[in-house]
Amino acid sequence: MFDKTTYQAARIIAPKVEAIFAQHLAKARDNGEEDLAPLPSAQIVETIIDVTFWASIRKEEGHSPKISLAFLSPAQAGNPLLFKQRLPLNPAVLTKIAPGVERAGIHIGIWEEEGELFIWGTTTSIPNFCFVLDVSEPALLVIKHRRIYGFGKFTNLAVLKGDQIKIVDTNSANVPDSPPMLLSLLDLTAPSYWNDTVNVLIQLAVSMRSHQRGGTLLVVPGDNNNWLQSIIKPIQYGVQPAFGGLSNLLRQDRKEASQIFWQTALKREVEHLAGLTAVDGATVITSDYELLAFGAKIGRAKGKEPVEELSFMEPIAGGDAVLIHPAKVGGTRHLSAAQFIHDQNGAIALVASQDGHFTIYSWSTLQSRVQAHRIDTLLL
């Protein structure tokens, strides 16, 4: 039978996670969806979280594990790698096998029989709404599932960091002028594809956050140069003509057979563009992903008032919008991004902090003010 858990957050969140997956699976069945994952019971969720948490704070040869676990049977795993003998699900085993399964897209397969959970192997293929638990860093766990259409980033449901519990609240996006990027991360939009512009923006955000140096990405309308009014001259790293590596790729007419090569090229261009955000200053691209400048210094546009207040929210339970001064969101980088959006209403700004926080700044027409959505909970 299942061992008694000792990580209190696992016990608290497990019933809520079961309820969320039950709701998703029921809705999917009603819509005629197939290839659906099994529903993990609260007891199963609690045990997997508990074991994984204690594994996350162990080390193997000086390295902490960064692994992903998925609850499914080998029969649902496509072409699984099966161990000759089942392995017990415990922190020691997870820590030992972690170095071999840390690459992106590889999941440790967990299944249950006769009241016992065990590790059966690994897989790169999982069914829709499969319970996935990722270890991002020691004591930082992310509960997520594969999107129903299989494209784009997995959808996050909750984040556990030590004794902190953050449950994603999809109702937080009910405001009509919520950024499309937020809606996509919450899985509230139409199917997301590799060449979907919002999905590409999400990939850029994930890549920006991963270099851990902090950075600002300004996305401006491509039909005018108004953004220059909010940039201090001279621009040290202006790009002339605009660089179209990513934009040209997105316009390509692709055949099904070349999808894997195109996706590889897309990842390379995303990494190239996101890497530039590590340079001090802001990287500026058009809404069509043409690179205009990087390392640009933001300044208040002539005739514009300083931004004194914005609407700040986080898409988690209890993260409702509050009106605060931009300086309370973060440091200089955040304040300058808020000022830029205040002056350039048609733009959006993505800001990554060195501490891992990530914020979208956009203009709310309904509120006539800058709005800031903290989304690192969705990007992990």
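Residues in segment 256-275 that are under 15 Å from residue 217 (Cβ atoms) and open to solvent by 30 Å² or more (accessible area, probe 1.4 Å): 269, 271, 272, 275. If you go through segment 364-375, how many residues are in contact (Cβ under 8 Å) with a residue 40 or more places away in the chain and either of a type in the set (Ser, Thr, Tyr) or surrounded by fewer than 19 Cβ atoms within 10 Å (Cβ to Cβ) (or both)? Within segment 364-375, residues that are in contact (Cβ under 8 Å) with a residue 40 or more places away in the chain and either of a type in the set (Ser, Thr, Tyr) or surrounded by fewer than 19 Cβ atoms within 10 Å (Cβ to Cβ) (or both) number 5.
Within segment 51-70, being of a type in the set (D, E, K, R) and out of contact with any Pro (no Cβ under 9 Å at 6 or more places or on another chain) holds for one residue alone: 66.
Return only the number of the condition from (1) open to solvent by 20 Å² or more (accessible area, probe 1.4 Å); (2) without any contact (Cβ under 8 Å) to a residue 24 or more places away in the chain that residue 82 does not satisfy. Here residue 82 meets the rest and fails (2). What number of residues in segment 267-304 are in contact with a His (Cβ under 8 Å, 6 or more places away or on another chain) and over 18 Å from residue 211 (Cα atoms)? Going through segment 267-304 one residue at a time, the tally reaches 1. If you filter segment 291-318 down to residues that are part of a loop (DSSP other than H, G, I, E, B), surrounded by fewer than 19 Cβ atoms within 10 Å (Cβ to Cβ) and in contact with a strand residue (DSSP E or B) (Cβ under 6 Å, 6 or more places away or on another chain), you find that the one that is modelled with the lowest pLDDT is 317.
Within the option set 70, 26, 42, being within 26 Å of residue 168 (Cβ to Cβ), assigned by the TED database to the domain that holds residue 143 and surrounded by fewer than 14 Cβ atoms within 10 Å (Cβ to Cβ) holds for one residue only, 26. Looking at 42, 37, 14, 75, just one residue is among the small types (Gly, Ala, Ser) and touching a Phe, Trp or Tyr at 6+ places or on another chain (Cβ under 7 Å), and that residue is 37. Name the residues in segment 361-380 that are aliphatic (A, V, I, L, M) and not in a strand (DSSP E or B), would you? Selection gives 366, 375, 378, 379, 380.
Taken together, the residues in segment 202-249 that are of a type in the set (A, V, I, L, M), under 26 Å from the mean Cα position of the chain (by Cα) and open to solvent by 20 Å² or more (accessible area, probe 1.4 Å) amount to 1.
Of the candidates 228, 249, 217, the single residue that is outside any loop (DSSP other than H, G, I, E, B), assigned by the TED database to the domain that holds residue 290, closer than 30 Å to residue 357 by Cβ and modelled with pLDDT under 90 is 249.
The values are calculated or read from the model by the stated rules, or taken from the named source; none is laboratory data. Computed from a predicted structure; not experimentally measured. Please note: Cβ atoms are built from the backbone with ideal geometry, for glycine as well, and neighbour counts cover all protein chains shown. With ligands, DNA and RNA removed, areas are computed over all heavy atoms of the protein, side chains included. Shrake-Rupley method; radii C 1.70, N 1.55, O 1.52, S 1.80 Å.
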